[in-house]
Amino acid sequence: MKIFADSGSDLPKSFFDKEDVHLFPLRVLVKGVEYEDIIGISTDQIYAAIGEGEQPKTSQVSLEIFLETFEQLAKSGEEGIYLAFSSELSGTCQTAILAKNQVLENYPELKLAIIDTKCASYGLGLVVKEAVRLNKSDTGFDEAVDKLTKMAYSMEHLFTVGDLNYLAKGGRVSKSSAFMGGLLNIKPILNMEDGKLVPLEKTRGFKKATQRMIAIMKERGGDFANKTVGISHSNDEELMKEVKAAIEDKLQPKNIETTTIGAVIGAHVGRGTIAIFFTDK
């Protein structure tokens, strides 16, 4: 079984290489030059550009790339699962479905499941990692699709951003809210509802935002003794370590995995962002 994922999962390139997961890189435009996320531009480069006042633009995976890859899958006779970045945040999933339907016209035997995970960043990354685990344990195609869909739909995303202006530029909050929020040190807590980015609460200061996010984790996640928690951060190791220590202290999860937010998502959330991912009760 072949596993496909896109760079909206914020997994490092080394993971894709080691686990033989096919990477579909989204694209990012910086200073007039277009790069393939993960492959063509590093997280350090994207955050350096943001620090210089750049507002990178992003775009989805092209139809041609999906057509070529899915045709190769059809010719190989292998089964495939593509775990896609939330369709509410990118057109990539819809383009993949369009490509699949085109390939099916010539290769009706193509066996490919495209799962709109409604997830982003390491929330998607954790689902991709589970797909690799299921594949290694020889889980059947239909069972794997069912388990991964259920896991994706139970994935919680909680995050707070360092700079409200970045969300304002992306139309996620109003410019006046961003201005006032900046003056008052307001840290919004956001989450994902059905794949959409939704403001949840406002807190004053990062420490209170972190405390509240951990309280929400306990409400939604219950017992963490057997759970893996994911943390992604926009190039701020110190901030990530603080949050990780607080989660370990309060919830004692089985495991905590961390990653840096990649170029495509980083372009929309800016610096100083911390996101936490876990499955609900």
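The values are calculated or read from the model by the stated rules, or taken from the named source; none is laboratory data. Treat the numbers as computed from the prediction; the structure is a model and nothing was measured. A quick note on method: Cβ atoms are made from the backbone with ideal geometry, for glycine too, and the neighbour counts reach across all protein chains shown. Side chains are part of the model used for accessible areas, which takes the heavy atoms of the whole protein and leaves out ligands, DNA and RNA. Shrake-Rupley method; radii C 1.70, N 1.55, O 1.52, S 1.80 Å.
Which aspartates and glutamates, if any, have their Cα less than 15 Å from the Cα of LYS227, not counting same-chain residues under 8 positions apart? Answer for LYS227, where 15 Å is the Cα cut-off: GLU130, GLU156, GLU219, GLU248, ASP249, GLU257, ASP280, listed by chain and number. Filter LYS13/LYS136; LYS207/LYS250; LYS129/LYS207 down to the pairs with a C-alpha to C-alpha distance above 24 Å, please. Too far apart for the 24 Å limit: LYS129/LYS207. Placing unit charges on the Cβ atoms only, positive for Lys and Arg and negative for Asp and Glu, gives the chain a dipole magnitude near 1200 debye about its Cα centre.
Applied to region 264-281, the Karplus parametrisation 6.51 cos²θ - 1.76 cosθ + 1.60 on θ = phi - 60° returns per-residue 3J(HN,Hα) values of 5, 6, x, 4, 9, 10, x, 8, x, 9, 10, 10, 10, 10, 6, 8, 6, 4 Hz, with x for Gly and Pro. Taking Cβ atoms as reference points and 10 Å as the exclusive limit, the residues near GLY266 contribute a net charge of -1, counting Lys and Arg as +1 and Asp and Glu as -1.
Considering only VAL127, GLN72, GLN102, and ranking their Cα positions along the charge dipole of the chain that arises from unit charges at the beta-carbon of Lys, Arg, Asp and Glu, the one farthest toward the positive end is VAL127. Taking a Cβ cut-off of under 9 Å around ASN235, the surrounding Lys, Arg, Asp and Glu residues balance to a net charge of -2, with basic ones at +1 and acidic ones at -1.
Calculated [222 nm] ellipticity per residue, helices only, for the chain: -14000 deg cm²/dmol; basis is -39500 (n - 2.57) per DSSP H run with n ≥ 4, divided by all residues, nearest 500. Within a straight-line Cα-Cα reach of under 16 Å, LYS57 can be paired with the following aspartates and glutamates, leaving aside sequence neighbours fewer than 8 residues apart in one chain: GLU34, GLU36, ASP37. The share of accessible area on region 4-68 that comes from carbon and sulfur is 50 percent, using a 1.4 angstrom probe. Residues whose amide H falls under 5 Å from that of LYS202, counting only those 5 or more places apart or on a different chain, are ILE189, with hydrogens built in the peptide plane.
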